[in-house]
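> Here's a structure for you.
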Amino acid sequence: MVATTLESSGRLQKKNIIRFAPILIIGIILFILPSFIPHYLVGLFTLTFIFAIFAMSLDIVLGYTGLLSIMHASFFGIAAYTAAVLMVKMGINSFWVGFPCGILIAGILAAIAGVVLLRVHGIYFLIASLCLGYMVYSITWGWDYLEMYQSKGIMGIDFPGIGIPGFTFTEVSYCRFSFLLFLLCFYLLYRFVNSPFGYSLRGIREDEERMQVLGYNTWFYKFAVFIIGALFAGVAGVLFAYCNTTVEPEHLGFSYSTYAILMVILGGSGTLFGPPIGAALLVFLEFYTGIVSPERWPLILGLILILTIMFSRGGIGLHLQRLWKKVLPS
Amino acid sequence: MLELIDVHTYYGESYVLQGISLAVKKGAINVLLGRNGMGKTTTIHTIIGFSPPRRGKIIFKRTDITGLKSYEIAQMGVGLVPQGRRIFRSLSVERNLTMAARNTSTPNAWSLDRIYSLFPILKHRAGQKGNLLSGGEQQMLTISRALMTNPDLLLMDEPSEGLAPALVVEIERIIKQLKESNLSILLVEQNIPMALGIGDYVYIINNGLIVYDSTPDSLKGNEEVKAMYLGASA
Amino acid sequence: MTFEQIFINLLNGISFGVILFLLASGLTMVYGIMGIVNLAHGALYMVGAYVGWSVAIQHGFSYWMATLTGGIVAGFVGLVMERATLRYLYRQINEQVLVTIGFIYVLTNLTQWIWGPRPRAPFTAGMLSGTIQFWGCSYPIHRLTVILIGIVISIAIWWFQEKTRIGAMIQAGMDDKEMTMGLGINLNRISVILFFICSFVAGFAGVIGAQLLGATLGQGFHILGLALVVVIIGGTGSVGGALIGGLILGIFDSFINALVPQIGMWAMYLIAVIVLLVRPQGIMGGRMK
């Protein structure tokens, strides 16, 4: 029995290596690439990795658990604000302070919000999440401490110090750093969604009442995944603050929440590799739209959202998944 | 009046009706008997269009109504007295009735006055919300509501369910009275003595199939069939 | 606070509450009968406000003409949304929500395209400008008109729901959609009419509200948030709840802004949080899910 398990797991590993070889190659290319591409592309790649983390963090809530939260940018933004305040207002520029603090604050906010939101179900949940998101946005907007030079937001954020003597971040190295963190988050979330806990979340998505009958405390599961999602959104938020140089109320408002939702839907919700693809598409599309006609970007964004829902429900991820299975049947 | 020909209906993934054929003649009361979960209510839902059949044909007044929307089927003259009564709880008794009114210009049509003379108690309750009525009153209301649509065929799904014996007798009397006004009725029942008392013809459904049909009198004598499909209580 | 200030703030609150009620009643009715959560409802309000501005100020027609046009344009925009997308998304709440979020972006950006980014100052009818004196207070007439309109519309909705047959069908549809259809009532057609009416009311409210708030591009988002708070307070599927919720929120907003203006921007969301914690089904105990 043990022997066969070992043998089959050995075979499985071999198969996995073949299956994941393309990913490995893409990964190595992405890691080397920043050194050889134009300046603006490095910035776009960095943003892509950051938004990929942000989108994946929403996906475990929206895609895997089925909770449509329209306040996810609150966690992203509050972490970004935390990092910004620490660096600009308090002069603490160490990554090892800003990073955990940002994530922690995002987690605390999620715990408070979760207690309120999970009192209700279904449609009420999303209405309530929208209202809470507005509230976080309005508080930030109205708070004098979070203003500089008579305008909303915190400016002049720089790359953080990482504590290695003689090393300072450049745009290229920060891009690589973001990529590594993205890989780490992907791995952690991959383990998470494929754990028993992750399967329980899918069970809640499919039929919450049945899970309750089976003895699951579904409230706790939803509460936990809501916080975990916020923690990873916090990772993205802190990374974003350091490379964007400014943090504004918009970054924790409705539009960024919608961005995240759109990335998840566009890429394919309930798959872990879909949201990063959605993130890449949206970041690049926004950039190139910005060159042609920046005023029309919201129009395009809205149309993409409508068309994706109407005509490509599973997102691009679904098509890729099918292709993947066709090319490499397991 | 109504004919089902080899009707197959799925409820989600489960295969509920596996080829039902039955007919109701004009002015007749046909009874559909069977134990719980055998497909009685699904048969009703299939006819009215709540759960359209996947295969088979439903003919009503010589028209094929298979696959029509439920409101189209109801407009053609099918009245529904659903299981569980399904009174509109936020409407008053009177508005439960008036909102359903249709074909009021036909001769001998059902009107509020006629309903109230049939069920005087509803007149007393006219202003009350539907959910404040007792079980028996709710049953009268749901029958009246169906009558207000002036149907040619009435689908009745367990009208005696949960009623005290005296009220069952009352419902029985009303059904007989409706029959005299030349209404065709498909009656689904668990109360077998009552069903056999008023029915003109009996079908027994078991696991989504009609397994037996006869006149009520021949079923009364057939202890074997009763024991097999209807349980010992019959 | 003097008595006069209390009185004026109360009236201000009621007039703002009326606008919120007009919006929230549409949201809650569309949800009640169609199960659709139309997050673009605030955007329809905004469209109405801009159209009204064009009709009344740019082209110099009467203010009443503007309210009508604003309502009709918003009504047809809503109708297009429903026919083109929402009717295919029956019972898919997440998808409806996302599509209507998409429409917020589309409508806001199209409005910006047509009217430009500049906000429009409040405007009103000539006969309504000026103030009225009573009990030693002077109060703008147009605000009183808003209150009056609110009373008229509340009575109209009440009459429609309680006295007309279509109103009974709509209420029946909210109770039990399947059974209503089984009585031969084509709820789909009624739903489309209702969607038009509710969109009309949103646009109408936009022009009425423009007397107090003008027209801005951000309204599509902001007024929606407040209308949703009203729905949370009042409970879904309950027009009475929307009225009470709207008035509570309007009056609360008015006093908070007079007393503690620094929390005025977000205090109303705090009410939503408190209601969710204490009484999640809303004050009127609407039907959830």
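> Can you give me the solvent accessible area of C:Asp175 with a 1.4 Å probe, rounded to the nearest 10 Å²?
40
> For A:Phe186, what accessible surface area do you get with a 1.4 Å probe? Give it in Å², rounded to 10.
Accessible area, nearest 10 Å²: 60 Å².
> Checking the a/c ratio against 1.5 first, then a/b against b/c, what shape does the Cα gyration tensor give for segment C:1-122?
Judged from the Cα gyration tensor, segment C:1-122 comes out oblate (a/c at least 1.5, b/c at or above a/b).
> For a quick size check, give me the Cα extents of chain B along its three principal axes, largest first, whole Å.
48, 38, 34
> How much mean residue ellipticity at 222 nm does the protein assembly as shown get from its helices, if each DSSP H run of length 4 or more adds -39500 (n - 2.57) and you divide by all residues, to the nearest 500 deg cm²/dmol?
Roughly -20500 deg cm²/dmol at 222 nm, from the helical runs in the protein assembly as shown.
> Can you work out ³J(HN,Hα) from phi for every residue in segment A:71-84, in order, using Karplus 6.51 cos²θ - 1.76 cosθ + 1.60 and θ = phi - 60°, giving whole Hz and x for Gly and Pro?
3J(HN,Hα) across segment A:71-84, in whole Hz: 9, 5, 5, 4, 6, 4, x, 5, 5, 4, 4, 4, 4, 5.
> What spacing in nm lies between the two simple spin-label points modelled at A:Ser94 and B:Arg62, each 7 Å away from Cα in the Cβ direction?
In this crude spin-label approximation the distance works out to 9.3 nm.
> Hey, another quick one. Report ³J(HN,Hα) in whole Hz for each residue of segment C:124-141, in order, from the Karplus equation J = 6.51 cos²θ - 1.76 cosθ + 1.60 where θ = phi - 60°; Gly and Pro get x.
Result, ordered by residue: 8, 6, x, 5, 9, 6, x, 10, 10, 9, 7, 6, x, 9, 10, 9, x, 5 Hz.
> A further question follows. Provide the FRET efficiency to the nearest 0.05 for the B:Asp217-B:Ser134 pair, computing r from the beta carbons and using R0 = 45 Å.
Result of the calculation: an efficiency of 0.80.
> Taking the mean number of other Cβ atoms within 10 Å as a proxy for protection, how do you rank C:260-269, C:183-192, B:44-53, A:205-214 from highest to lowest?
B:44-53, C:183-192, C:260-269, A:205-214
> Still on this structure: Are any of the pairs B:Lys25/B:Lys179; B:Lys40/B:Lys226; B:Lys123/C:Lys163; B:Lys176/C:Lys177 more than 20 Å apart by Cα-Cα distance, and if so, which?
From the list (B:Lys25/B:Lys179; B:Lys40/B:Lys226; B:Lys123/C:Lys163; B:Lys176/C:Lys177), the Cα-Cα distance tops 20 Å for B:Lys176/C:Lys177.
> Right, another one. Roughly what percent of Cα-Cα pairs across segment A:257-330 reach past 21 Å?
The answer is 29 percent, as a whole percent.
> Work out the length of the dipole vector of segment B:86-151 about its Cα centre, built from +1 on the beta-carbon of each Lys and Arg and -1 on the beta-carbon of each Asp and Glu, and round it to the nearest 20 debye.
Dipole magnitude for segment B:86-151 comes out near 180 debye.
> Let me ask something else. State the extension gain, in nm to one decimal, for the chain segment bounded by A:Glu250 and A:Leu323, taking 0.36 nm per residue of separation less the distance between their alpha-carbons.
Residue separation times 0.36 nm, minus the Cα-Cα distance, leaves 22.5 nm.
> Here's something else I'd like to know. Mind running the shape call on chain C? Use the C-alpha gyration tensor, a ≥ b ≥ c as the square roots of the eigenvalues: rounded below 1.5 for a/c, prolate if a/b tops b/c, oblate otherwise.
prolate
> Separation of segment B:179-234 and segment A:27-84 by C-alpha centroid, Å?
After rounding, the separation between the Cα centres reads 67 Å.
> More than 22 Å apart: what percent of Cα pairs in segment C:164-256 qualify?
41
> Moving to a separate point now. Rounded to the nearest 5, what % of the DSSP beta bridges within the protein assembly as shown are antiparallel ones?
In the protein assembly as shown, DSSP labels about 60 percent of beta bridges as antiparallel.
> So how do B:173-181, B:208-216 stack up, highest first, on mean other-Cβ count within 10 Å?
Order by mean packing, descending: B:208-216, B:173-181.
> Another one. Just the number, please: carbon plus sulfur as a percent of the accessible area of chain B, 1.4 Å probe, no ligands or DNA/RNA counted.
Heavy-atom surface of chain B belonging to carbon and sulfur, 1.4 Å probe: 49 percent.
> How big a patch of accessible area, both sides summed and in Å² to the nearest 100, lies buried between A and C at a 1.4 Å probe?
3900
> What are the principal axis extents of the Cα atoms in the protein assembly as shown, in Å, biggest first?
Principal-axis extents of the protein assembly as shown (Cα, largest first): 102, 95, 44 Å.
> Apply the Karplus curve 6.51 cos²θ - 1.76 cosθ + 1.60, θ = phi - 60°, to the phi angles in segment A:100-106 and return the couplings in whole Hz, x for Gly and Pro.
Whole-Hz 3J(HN,Hα) from phi for segment A:100-106: x, 5, x, 5, 4, 4, 4.
> Additional query: Give me the log10 of I(q) over I(0) for segment A:226-282 at q = 0.28 Å⁻¹, as the Debye formula computes it from C-alpha points; what are the numbers?
-1.26
> Then there is this: Go through A:Gly133, A:Leu180, A:Met148 and say which Cα lies farthest out towards the positive end of the charge dipole of segment A:125-210; charges sit on Cβ, +1 for Lys and Arg, -1 for Asp and Glu.
Value computed over the given set: A:Leu180.
> How much FRET efficiency would the formula 1/(1 + (r/R0)^6) give for A:Ile108 and A:Tyr145, where r is the Cβ-Cβ distance and R0 is 22 Å, rounded to 0.05?
So the FRET efficiency works out to roughly 0.75.
> Of B:Gln128, B:Pro107, B:Ser117, which is farthest towards the positive pole of segment B:86-151's charge dipole, taken about the Cα centre with +1 and -1 on the beta-carbons of Lys, Arg and Asp, Glu respectively?
The Cα lying farthest towards the positive end belongs to B:Gln128.
> For segment A:299-315, state which residues have at least 50 Å² less accessible area in the presence of all protein chains than in their chain by itself, taking the probe as 1.4 Å and leaving out ligands, DNA and RNA.
Buried on complex formation: A:Leu299, A:Ile306, A:Ile309, A:Met310, A:Arg313.
> Moving on. Taking a quarter of the surface of the convex hull around the Cα atoms of segment C:86-159, what do you get in nm²?
Average of the hull's projected areas for segment C:86-159 equals 9.4 nm².
> Under 1.5 on a/c is rounded, so check that first for segment C:39-96, then, if it is not, pick prolate when a/b is larger than b/c and oblate when it is not; a ≥ b ≥ c are the square roots of the alpha carbon gyration tensor eigenvalues.
It comes out prolate by the Cα gyration axes.
> Relative contact order for chain C using alpha-carbon pairs under 8 Å, separation at least 6, rounded to a whole percent?
36
> Note down the accessible area of A:Ser173, probe 1.4 Å, to the nearest 10 Å².
20
> Under 20 Å Cα-Cα from A:Lys326, which lysines qualify once same-chain neighbours fewer than 8 residues away are excluded?
A:Lys14, A:Lys15
> For segment C:22-129, with every protein chain kept in place, what is the accessible area per residue (1.4 Å probe, Å²)?
Accessible area per residue, segment C:22-129: 36 Å².
> Between A:Phe31 and B:Ser117, how many nm apart are label points set 7 Å from Cα along the C-beta direction?
About 9.2 nm, to one decimal.
> Convex hull over the alpha-carbon atoms of segment B:86-151: what's its volume per residue in Å³?
Roughly 71 Å³ of hull volume per residue.
> Amide H to amide H under 5 Å from A:Gly268: which residues, 5+ apart in sequence or cross-chain, H placed 1.01 Å off N in plane?
Here A:Ile316, A:Gly317 satisfy the definition.
> Moving to a separate point now. If you take the alpha carbon radius of gyration of chain A and divide it by 2.2 N^0.38 Å, what ratio comes out, to two decimals?
1.02
> What distance in nm separates the two pseudo spin-label positions at C:Arg87 and A:Ser173, each 7 Å out from Cα along the beta-carbon direction?
The two pseudo-label positions are separated by 6.1 nm.
> Roughly how tilted is helix C:165-175, in degrees to the nearest 10 and between 0 and 90, from the longest Cα axis of chain C?
Between helix and principal axis, roughly 70 degrees.
The values are calculated or read from the model by the stated rules, or taken from the named source; none is laboratory data. These numbers come from a predicted model, not from an experiment. Heads up, the Cβs are rebuilt from the backbone with ideal geometry, glycines too, and the neighbour counts pull from every protein chain shown. When the accessible area is computed, the model is the full protein with side chains, heavy atoms only, and any ligands, DNA or RNA have been set aside. Shrake-Rupley method; radii C 1.70, N 1.55, O 1.52, S 1.80 Å.
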